[in-house]
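Structure first, commentary second.
The values are calculated or read from the model by the stated rules, or taken from the named source; none is laboratory data. Everything numeric here is computed off the predicted structure, so don't read it as measured data. Heads up, the Cβs are rebuilt from the backbone with ideal geometry, glycines too, and the neighbour counts pull from every protein chain shown. Each accessible area value is taken on the protein alone, full model and side chains, heavy atoms only, with ligands, DNA and RNA left out. Shrake-Rupley method; radii C 1.70, N 1.55, O 1.52, S 1.80 Å.
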Amino acid sequence: MPRSIISARQTTLRREVELAGKGVHSGAPASVVLHPAEADTGLRFLVSKRGRIIADIPADVRNVKNLTLCTVLGDDSGVSIGTVEHLLSALRGLNVDNCYIEVDSKEVPIMDGSAAEFVAAIDEVGLRELNETRRYIKVLKPVRVEEGESLGEFTPHGCFHLDVEIDFDTPLIGRQRMELDLTPQSFRTELSRARTFGFMRDVEKLWKAGLALGASLENTVAVGDDRILNTEGLRYHHEFVRHKMLDAVGDLSLAGYHILGSYRSVRGGHRLNAYVVKALLADASAWTLVQAPASRNRETNYRPMGLALAAGE
Ligand SMILES: [Zn+2]
């Protein structure tokens, strides 16, 4: 396992950074400001309306309200924030532990349909290490959720490993499977530019339902009956499964901590990802919270939180 996977300390952004775009479902303008945050804040959405913060919603699986086409988080007062997964993926993928995410709309802007512009914004301001130690959910035993032909499963593993398989009944996609150990480097090069995709045959249905009103060839790979409609073509070999991996990184960040474990998904999606995270957290014997040692010389030397605390750290 590359040592760079594990850094001992929590991070945040050096300063705030703003992005503007539009919601893929509403089609309405949306902007997001990423603010630095102190240790143990986690990733939190501050929803604003006319310049006033109306809700503070932690990116936590317990706040998931809807998973039909994107991941929607909400609070008890009815405020919600949708399409959070690509931004959360960028933050988790680049190891940003603490961030206030201020959004002035019901949706995080879709940007180019991938995490690339969020990655560029985070890179523009850079990260700051905090004094507090980063914590990880260490998977202790397999936890599996099956739903029809779909399957999602955590198994014990020394780092955060992803193994994602998709199978679409069109020769333009077909069966694609990819595995990787997630690091900021692998996230950046292998996943961050993979775009959302959609099928032309679904478009009318979605529009009638008032969804995907902001979807276009600027932010979606459009799959027709016999060809990809985007004239620029694909960005990666197997861009489709890479995007599913990007989504999974965002959805799994809703566990609230980094994960030390392998996640396998077959024909999955946001719903399944969230269910597997819930199933893992619900089984107290399946995981434990650990922190990486401050010295990085033994990357497998995770200590249970209780022991570390007893040692006075
Ligand atoms: Zn996505």
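In the set LEU234, LEU217, only one residue is over 28 Å from GLU153 (Cβ atoms), at pLDDT 95 or above, away from the ligand (no atom under 14 Å from the Cβ) and open to solvent by 20 Å² or more (accessible area, probe 1.4 Å); that residue is LEU234. Of the listed requirements (1) buried (at least 21 other Cβ atoms within 10 Å of the Cβ); (2) β-branched (Val, Ile, Thr); (3) away from the ligand (no atom under 16 Å from the Cβ), ILE110 misses just one: (3).
Considering segment 268-282, the residues that are in contact with a strand residue (DSSP E or B) (Cβ under 7 Å, 6 or more places away or on another chain) and either open to solvent by 10 Å² or more (accessible area, probe 1.4 Å) or within 13 Å of the ligand (Cβ to nearest atom) (or both) include one that is nearest to PHE160 (Cα to Cα), namely ASN273.
Which is open to solvent by less than 20 Å² (accessible area, probe 1.4 Å), of a type in the set (Ser, Thr, Tyr) and under 16 Å from the mean Cα position of the chain (by Cα), of THR196, THR183? Walk me through how you get there before you give the answer.
On the way: THR196 fails: open to solvent by less than 20 Å² (accessible area, probe 1.4 Å).
One residue alone meets the criteria, THR183.
Scanning segment 207-243 for residues that are assigned to a helix (DSSP H, G or I) and without any contact (Cβ under 8 Å) to a residue 60 or more places away in the chain turns up TRP207, LYS208, GLU239. Pairs linking a residue in segment 76-96 that is free of Cβ contacts under 8 Å to residues at least 24 places away in the same chain and among the aliphatic types (A, V, I, L, M) to a residue that is within 12 Å of the ligand (Cβ to nearest atom) and open to solvent by 10 Å² or more (accessible area, probe 1.4 Å), with Cβ atoms under 8 Å and 6 or more positions apart or on different chains, do not occur. Here is the figure for segment 82-93: residues that are more than 13 Å from the ligand (Cβ to nearest atom) and either of a type in the set (Asp, Glu) or open to solvent by 10 Å² or more (accessible area, probe 1.4 Å) (or both) total 1.
Looking at this structure, is ASP225 of a type in the set (D, E, K, R) and surrounded by 12 or more Cβ atoms within 10 Å (Cβ to Cβ)? Please lay out each step first, then the result.
On the way: of a type in the set (D, E, K, R): yes; surrounded by 12 or more Cβ atoms within 10 Å (Cβ to Cβ): no.
For ASP225, the condition - of a type in the set (D, E, K, R) and surrounded by 12 or more Cβ atoms within 10 Å (Cβ to Cβ) - is not met.
Taking (1) touching a residue at least 40 places away in the same chain (Cβ under 8 Å); (2) assigned to a loop (DSSP other than H, G, I, E, B); (3) more than 17 Å from the chain's Cα centre (by Cα) in turn, ARG177 satisfies each apart from (2).
Residues in segment 56-68 that are crowded, with 20+ Cβ neighbours inside 10 Å and either in contact with a Phe, Trp or Tyr (Cβ under 7 Å, 6 or more places away or on another chain) or in a loop (DSSP other than H, G, I, E, B) (or both): ILE57, ALA59. Remark: ALA209 matches the filter, which requires a residue to be surrounded by fewer than 19 Cβ atoms within 10 Å (Cβ to Cβ), among the small types (Gly, Ala, Ser) and modelled with pLDDT under 95. Residue-level check: of (1) open to solvent by less than 10 Å² (accessible area, probe 1.4 Å); (2) within 16 Å of the ligand (Cβ to nearest atom); (3) farther than 12 Å from SER253 by Cβ, THR71 misses just (3). When LEU34 is tested against (1) out of contact with any His (no Cβ under 8 Å at 6 or more places or on another chain); (2) surrounded by fewer than 24 Cβ atoms within 10 Å (Cβ to Cβ), just one condition goes unmet, and that condition is (2). Taken over segment 241-267, the criterion of being among the small types (Gly, Ala, Ser) and within 12 Å of the ligand (Cβ to nearest atom) is satisfied by ALA248, GLY250. State whether one or more residues within segment 47-54 are open to solvent by less than 60 Å² (accessible area, probe 1.4 Å), modelled with pLDDT of 95 or more and within 15 Å of the chain's Cα centre (by Cα). For segment 47-54, residues open to solvent by less than 60 Å² (accessible area, probe 1.4 Å), modelled with pLDDT of 95 or more and within 15 Å of the chain's Cα centre (by Cα): absent.
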